[in-house]
Amino acid sequence: MLNTTLDFDKPGRQQGFLQVPYSHNLGGWANVCIPTTVVARGKGPTVLVLGGNHGDEYQGQIAAMKLARELTPEMVKGRIILIPSLNFPAARAATRLSPLDGMNMNRAFPGEPEGPVTSQIAHFLTTVLFPMSDVVIDIHSGGRSMEFVPCAHMHLVPDLEQRRRMFDAMLAWNSDFAFLYADIAGTGLLPVEAERQGKLVVTTEMGGGESIPAHVHRLTQGGLRNVLTHVGVLKGRERTRASLGLPPVILTQALERENYLLAPESGIFEIAIDLGAKVKRGEVVGWIHHLERPDRAPETIVAPSAGHLVTMRAPCLTQQGDCIAVIAQRVNAKDVLRA
Ligand SMILES: [Zn+2]
């Protein structure tokens with residue numbers, strides 16, 4: 001069962017670990033130690049900041065580490081709990097899934113108290129950290145498999161008041177794109193459990209791939225701080241896109257299965273459209289070239305509906321059934337915020 005060296009009720013700054021028993025050949029009584037920072041002072045919301053839910057997504061891990069090092073109690077009104085590398089074994093291995101149990105942290109919720117390591121971490125969040133939090137921030141990117149136009153995103157939760165608060169916090173990231181998404185690949189997601197508990201949940205897809213441009217790091221780190229200011233846990237003035245001289249956010253949604261394009265066959269995927277660009281219905285999105293029979297015409301992938309290309313597969317080599325592109329439709333805020 002997971003143990004922690006931290007006292008979450010203590011004011012001030014603490015650096016410690018979540019410790020999950022993991023017995024292996026060269027460590028019979030070993031624990032997996034997950035670095036965790038708590039900074040608390042006075043009355044205010046409790047905010048849980050998570051990076052590395054998927055181990056190969058480093059933008060959020062870096063942003064949470066930098067913030068954890070810089071935060072002092074004087075900067076905080078309430079409590080900020082930071083776990084930069086939630087799936088720590090996966091982060092160390094540069095993999096999406098944990099190498100210890102093969103589990104995807106983002107399919108492990110609500111988790112089990114005596115289950116595999118990943119499941120125990122999920123269970124601790126479900127039963128201890130979520131209940132004490134008002135806001136849950138789970139920073140993702142596309143990892144090694146996907147490349148996103150950097151965006152904050154959210155589920156359309158049924159509770160309209162919760163949805164409105166999540167929507168405002170999503171926009172406080174100040175990314176050029178915001179994205180309403182659906183779960184097409186399974187259940188047991190971290191944000192879904194936090195949403196079920198009524199929390200204000202903020203999630204992102206801060207680019208992707210393995211090479212992260214400086215501007216994506218800046219957006220991840222600046223967006224995180226601005227959201228913390230927006231929810232009132234970090235002192236300072238909130239910035240809006242308008243105050244930064246930026247055009248309004250491009251609000252998109254992909255709620256239908258047909259928005260998520262899967263590779264009809266294996267091969268080498270070539271994208272035909274730039275990330276974030278507009279796509280017309282029937283327009284060519286890309287091609288899958290036949291590795292073994294280059295003389296054959298490639299399979300042409302066309303857009304089933306119009307919208308913006310918000311994500312694409314990162315590696316060119318593609319297996320049948322891989323998600324190769326997502327085309328999201330433009331939507332306006334008024335429609336999003338009503339039932
Ligand atoms: Zn992820």
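Using a Debye calculation, one point per C-alpha and no hydration shell, please list log10 I(q)/I(0) for the chain at q = 0.06, 0.08, 0.10, 0.11 Å⁻¹ in order.
Debye curve over Cα of the chain, log10 I(q)/I(0) at q = 0.06, 0.08, 0.10, 0.11 Å⁻¹: -0.22, -0.38, -0.60, -0.72.
Quick check: at a probe of 1.4 Å, how many percent of the accessible area of the range 269-339 sits on carbon and sulfur atoms?
Carbon and sulfur together cover 51 percent of it.
Grab the Cα-Cα distance for TRP29 and GLU283, subtract it from 0.36 nm times how many residues apart they are, and report the gain in nm with one decimal.
Separation in residues times 0.36 nm, less the Cα-Cα distance, equals 85.7 nm.
From the protein chains alone at 1.4 Å, what is the descending order of accessible area for TRP173, TRP29, TRP287, largest first?
Greatest to least solvent exposure: TRP29, TRP287, TRP173.
Relative contact order for the range 135-261 using alpha-carbon pairs under 8 Å, separation at least 6, rounded to a whole percent?
In percent, rounded to a whole number, it is 37.
How high is the relative contact order of the chain, in percent, counting Cα pairs under 8 Å that sit 6 or more residues apart?
For the chain, the relative contact order is 15 percent.
Could you work out how far helix 59-70 tilts from the main Cα principal axis of the chain, as a 0 to 90 degree angle to the nearest 10?
With both axes taken from Cα atoms, the answer is about 30 degrees.
Quick check: pseudo-label points 7 Å beyond the Cα along Cα→Cβ at SER243 and ASP168, how many nm apart are they?
1.4 nm
Provide the solvent-accessible area of HIS215, counting protein heavy atoms only and rolling a 1.4 Å probe, rounded to the nearest 10 Å².
We get 100 Å² for HIS215.
Given only helices, namely DSSP H runs of n ≥ 4 each adding -39500 (n - 2.57), what is the per-residue ellipticity at 222 nm of the chain, to the nearest 500 deg cm²/dmol?
For the chain, the value works out to -5500 deg cm²/dmol.
Are there any trypsin sites (Lys or Arg not before Pro) in the range 253-325 that are in a DSSP loop and have at most 16 other Cβ atoms within 10 Å? List them by number.
LYS280, ARG281, ARG296
How large is the accessible surface of THR229 in square angstrom, using a 1.4 angstrom probe and rounding to the nearest 10?
Here the residue's solvent-accessible area equals roughly 20 Å².
Count neighbours as other Cβ atoms within 10 Å of each site's Cβ, and list the trypsin sites (Lys or Arg not before Pro) in the range 1-59 that are DSSP loop with at most 11 such neighbours.
LYS43
Taking a probe of 1.4 angstrom, what is the accessible area of GLU238 in Å², to the nearest 10?
Its accessible surface works out to 80 Å², give or take rounding.
Any idea what the relative contact order of the range 251-304 is, in percent, if you count C-alpha pairs under 8 Å spaced at least 6 apart?
Reported as a whole number, the value is 32 percent.
Computed FRET efficiency, Cβ-Cβ of ARG257 and ASN3, R0 41 Å: what is it to the nearest 0.05?
Working from the Cβ atoms, E equals 0.45.
Give me the 1.4 Å probe accessible area per residue for the chain, excluding ligands and nucleic acids, in Å².
Counting only protein heavy atoms, the per-residue value for the chain is 44 Å².
With every atom except the alpha carbons ignored, what do you get for Rg and Dmax of the range 45-120, in angstroms?
In order Rg, Dmax, the Cα atoms of the range 45-120 give 13.6, 41 Å.
Taking the Cα atoms of the range 119-196, what is the range of coordinates along each of the three principal axes, in descending order and whole Å?
35, 33, 20
May I ask for the angle, rounded to the nearest 10°, between helix 160-171 and the longest principal axis of the chain, with both axes built from Cα atoms and the value confined to 0 to 90°?
Tilt of helix 160-171: around 80 degrees.
GNM, the chain, Cα, under 10 Å: largest mean-square fluctuation among GLU292, GLU57, GLU265?
The residue that fluctuates most here is GLU292.
The values are calculated or read from the model by the stated rules, or taken from the named source; none is laboratory data. Here the structure is a predicted model, which means the values were calculated and not measured. Here the Cβ is made from the backbone with ideal geometry for all residues, glycine too, and neighbour counts use every protein chain on show. Protein only, heavy atoms only, side chains kept; ligands, DNA and RNA dropped before computing areas. Shrake-Rupley method; radii C 1.70, N 1.55, O 1.52, S 1.80 Å.
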